[in-house]
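Reviewing the structure listed below.
The values are calculated or read from the model by the stated rules, or taken from the named source; none is laboratory data. Since this is a predicted model, take the numbers as computed values, not measurements. Methodologically, a virtual Cβ is constructed for each residue, glycine included, from the backbone with ideal geometry; neighbour enumeration extends over all protein chains shown. SASA here: full protein model, heavy atoms, side chains in, ligands and nucleic acids out. Shrake-Rupley method; radii C 1.70, N 1.55, O 1.52, S 1.80 Å.
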Amino acid sequence: MALQNGYSINSTPLDESGETTPLLKKQVVDVDDSVPPQCCSARYNLAIMMFFGFSVVYGLRVNLSVAMVAMVNGTNSQPTLNSSVGHECPVSSHGNNNGSQTPDQPDGIPQYSWDSPTQGLLLGAFFFGYLVTQIPGGYLAGHFGGSIFLGGGVLGTAALTLLTPLAAQLGPYWLFGLRALEGFGEGVTFPAMMAMWARWAPPLERSRLISLSGSGANFGAFVALPLTGFICHSLGWPTVFYMCGGAGCVWAVFWFILVSDQPGTHPRISTREKHYIINSIGKDGGGHGWSVPLLPMVLSVPLWAIIVSQMCANWGYYTLLTSLPTYMDTVLHFDLRQLDRRAGSLPPRTPSAPDVTGRPKRSSRTTTIRATACSPRYHPEGENAFLSALPYLGGWAFSVISGVVADSLLEKELLSVTAVRKIFTITGLLLPAAFLVAVGFSGCSGVLAVTFLTLSTTVGGTSAAGVFINQIDIAPRYAGVLLGITNTFATIPGVVAPIITGYLTKDHSLAGWRNVFCLSAGISAGGALVFTLFGSGKVQKWALAEEDQEQAETERDRLIPT
């Protein structure tokens, strides 16, 4: 794909509609400009490295969601005013006898008496720090290149994760501060990713490359949630944070060895692929310098459409990401571990008074469980965590598929960029909203709840080829800083949603959780409406290079009759 009249195939300053001609005209003027193979290419190797990077990132982000169930002493953290609280749904015969009870931990592993609002604050603490570094990270990554910021963000977050058990022992305020610092380090990762793809992604491969990279988030949640549940029960919850932190440090080593900021500096890229990427991206693939058009950005309606839509989409996503294990545990009574009942039911755990340290004494059931754990009939499976993770498997698959389909629609000239982004956004926000409402009215049926949750998150993966990559459509040069701006606003639900969920579900009732799901659905539907009305795939005038703007104005003056 060669340049046309000196401009990249995805945009030209002479195009006024931005709807039908970008991305469509493809010429091959030289063998070096033809599309090189995708397999083993530098750009797809970069996508795979980002995929695993964001898998680690979301493992670091969600580990507390499952570990919290094991960290908190259920006998002291639940309300006592109403004996029916948390018991509207019958306890499954294969689960424990009280969904609110905490899974047993190995000897010496502490558990804490944190109430529901405190847990909500701790789960949302990450996003307080995450908010701060989005815009600075995107701005600096757009100027200097994104590899150092993406790799450094993951490495810093992983190192801090290793300190989680110590912070929890010191108290909830220390843990809150540590989680906020982790968010501070991780906040630069997504803007840095977008800044790198502005220099690496050919326009007709943007959807699939960015979707593949970002799908690591769903894959990471899918792997981390059940693995965390298994580790919590088998080795104790502190091991979760040691293993996740160690994985992040190992990934960072490979990242800094294998990755370069742009094709021109990559030591192992082929000449053919380098020319293909640079020629297809054109002038939009460079850095934006120190200055950015702040006022035009603030007044840009398409940018605000992205901001509002991402905020609405993330409300439901973060609600499930941080609170779904609690819903599985306290309402549906799925246990963090699974016991083979062929040997007969274990005796129920009886609450005991706390010891002098304030931590609950071990119940008489503990010895029985450990003895059973040593027998071949014991099969720890992390049922709660696996079912909490299941929705993200579908979301991962659909996000990858949606990227391929979106690029195919553009390459075959079937739809404009704007139409593609709106279709995938509507599909990824409206249908999940409907399934969330269904979850709220599924009652005590664990099968229905898990089915609707899985469908909601699965279909939601299609928005990966919609609003979530729209920044690079409207302003390729400023994609990193724009994603920093949009992600800053989109992170607000990560702070607010867990807190509101904690207060709405203080009694762990079906009605409280129904309100949570219906609220998330309504907000998601609102985001779909906003993007449908105001979204755009057109490269904005303020995003063009100065020489492009001058030529566009000259051509318009020439075409207007005097």
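Computed from backbone phi, the HN-Hα couplings of the stretch 409-420 come to 4, 6, 5, 8, 6, 7, 9, 7, 4, 4, 5, 4 Hz, rounded to whole numbers (Karplus: 6.51 cos²θ - 1.76 cosθ + 1.60, θ = phi - 60°; Gly and Pro given as x). Amide H to amide H, with H built 1.01 Å from N, V72 comes under 5 Å of Y112, counting only residues 5 or more places away or on other chains. The Rg/Rh ratio for the stretch 413-541 is 1.05, where Rg is the radius of gyration of the alpha carbons and Rh is the Kirkwood radius. Based on alpha-carbon atoms, the Kirkwood radius and the radius of gyration of the stretch 144-279 give Rg/Rh equal to 1.06.
Accessible surface of I523, taken over heavy atoms with a 1.4 Å probe and every protein chain present, rounds to 40 Å². Here the Karplus relation 6.51 cos²θ - 1.76 cosθ + 1.60, evaluated at θ = phi - 60°, turns the backbone of the stretch 434-448 into coupling constants of 4, 5, 5, 4, 4, 4, x, 10, 7, x, 8, 6, x, 5, 5 Hz, with x for every Gly and Pro.
Packing order of peptides 476-484, 40-48, 240-248, 440-448, highest average first: 476-484, 240-248, 40-48, 440-448 (average count of other Cβ atoms within 10 Å over each peptide's residues). Between L482, G527, G446, the Cα set farthest toward the positive side of the dipole of the stretch 416-543 (charges on each charged residue's Cβ, about the Cα centre) is that of L482.
A cut-off under 13 angstrom between Cβ atoms defines the neighbours of E186, and their net charge, with Lys, Arg +1 and Asp, Glu -1, is +1.
About its Cα centre, the stretch 123-270 has a charge dipole of approximately 200 debye under the convention of +1 per Lys or Arg Cβ and -1 per Asp or Glu Cβ, with nothing else charged.
I'm checking a number: the convex hull volume of the Cα atoms of the stretch 207-260, normalised per residue, in Å³. What is it?
Spelled out: Cα convex hull of the stretch 207-260, divided by residues, is 72 Å³.
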